[in-house]
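In what follows, a single structure is set out as structure tokens and then discussed.
The values are calculated or read from the model by the stated rules, or taken from the named source; none is laboratory data. A quick note: this is a predicted structure, and the numbers were derived from the prediction, not measured. Cβ sites come from the backbone with ideal geometry, for glycine too, and all protein chains shown count toward neighbours. Accessible surface areas use protein heavy atoms only, side chains included; no ligands, DNA or RNA. Shrake-Rupley method; radii C 1.70, N 1.55, O 1.52, S 1.80 Å.
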Amino acid sequence: MASMINTSSQTNGANTAQGGSYRFALVSLTSLFFMWGFITCLNDILIPHLKAVFSLNYTQAMLIQFCFFGAYFLVSIPAGQLVKKLGYQKGIVTGLVIASFGCAMFYPAASFAVYGLFLAALFVLASGITILQVAANPYVNALGSSETASSRLNLTQAFNALGTTVAPFFGSMLILSVAATVSSEMAKASAEAEVVKLPYLMLAGALAVLAVIFAKLDLPTISEHTEAAPGEVQTHMGKTSALQSIHLVLGAVGIFVYVGAEVSIGSFLVNFLGESHIVGMPEEQAAHYIAYYWGGAMVGRFIGSAVMQKIPAGTVLAFNAFMAALLVVVAMTTSGSVAMWAILGVGLFNSIMFPTIFSLALRDLGPHTSQGSGVLCLAIVGGAIVPLLQGVLADNLGIQLAFFLPVICYCFIMFYGAKGSKM
């Protein structure tokens, strides 16, 4: 097969893979999943912070998420080609270096207090994380048998969810707390712009250290996923492109609607809990309950990793999608604490969806795996589009009824788990 081109280092990596365990590589990769979950969730702190600093309206503030998730749309396909050319390990190092540079850009952005520079820094940071996603997700998928790929990816993604759970506490301590310590309005605005320097410089340093570590690690190479020689066409199972695999295309739609549904629900939680007929919580109190939503995702991934050792991944995915849709319907049709805990409980069933859809979509792609990973990461742009659509619905129908959009998303995921992933 044209894709089977081995250098001596690739052969050694393959032999290492065949002769032993991938445990060391998987343990190393968990740090990456934690870091990009942590950084992504910091956006939830950055949005109200920069909105106050620059006196932004909601549309302008949402440019933060638009720039962040927009990077997935613009960078994913080139990232897939880059990873296919360099290999997973060098792709990871490249992503870490770019993400570190993006974090460092927050320093001049804060010094000059220019909103456009913050958006540029976010785009560069997200571009690095996109390359990490394109490289690390299929790498974890390939480090072992295809039967347990979903289980492995769920386990590493659990540490991603741990990052999203921890980040709000870090952000509120180092970023939002400054407002309470500065009295003068002028000094307050200046201090709020400056306060992002320290946390993002710390992140830049941590990412740079990880880049050095991953450059030195002796990780196994997946030889069947390597780049062909110039001019050669890679054929796998009669296909010359990942896009010829129906289960990948449907999986990309699944990623789009899943990320869209997850971000939509998370974005409306505080306002939903503040509704008088739900629980009427003030924003500060409601914000604490978001931890149940994201914490549920972390717990669910650890549980799902164990369950999928025994039950087919597609079956578990379909069940979780059904339960998530059911809980959203309960939240739409009830009130009080029942509606509150129903919508928060969706996080538990969201847990296994992203890694499971990802691993099922990449199954049997062989040398087209990097391309397929790029397509799937491109679909993460659903996190920018679906919440916007739900916002339009909320303006016209009310927050509670607008949740029917995530229900539609979960119905497609249920179809993909039951049938689409097998096509």
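Residue ranges 78-88, 271-281 sort as 78-88, 271-281 when ordered by packing (mean number of other C-beta atoms within 10 Å per residue, highest first). Highest mean first, the peptides 91-98, 326-333, 357-364 sorted by other C-beta atoms within 10 Å per residue fall in the order 357-364, 91-98, 326-333. Taking the 1.4 Å solvent-accessible surface of region 316-423 as the whole, the part contributed by carbon and sulfur is 75%. In a fully extended conformation the segment linking residue 77 and residue 310 would gain 80.5 nm over its present Cα-Cα distance, using 0.36 nm per residue. Normalised by the number of residues in region 292-423, the average gap of Cα pairs under 8 Å and 6 or more apart makes the relative contact order 39 percent.
For region 298-423, the gyration tensor built on C-alpha atoms gives an oblate shape. Its axis ratio a/c (a ≥ b ≥ c) is at least 1.5, and a/b is not larger than b/c. Once you sort the root eigenvalues of the Cα gyration tensor of region 56-137 as a ≥ b ≥ c, which label holds: rounded (a/c under 1.5), prolate (a/b larger than b/c) or oblate (the other case)? Because a/c hits 1.5 or more and a/b fails to exceed b/c, region 56-137 counts as oblate. With the simple model of a label 7 Å out from the Cα in the direction of the Cβ, residue 173 to residue 404 spans 4.5 nm. Summarising the label geometry, the points placed 7 Å from Cα in the beta-carbon direction at residue 60 and residue 202 lie 2.9 nm from one another. Note that region 126-137 has calculated 3J(HN,Hα) couplings of 5, 5, x, 5, 4, 5, 4, 4, 5, 8, 6, 4 Hz, one per residue in order, obtained from phi through the Karplus relation 6.51 cos²θ - 1.76 cosθ + 1.60 (θ = phi - 60°); glycine and proline are x.
If each of residue 338 and residue 213 carries a label point 7 Å out from its Cα toward its Cβ, how far apart are those two points in nm? Output for this residue pair reads 4.8 nm. Ranked by the mean number of other Cβ atoms within 10 Å per residue, highest first, peptides 344-351, 198-205 order as 344-351, 198-205.
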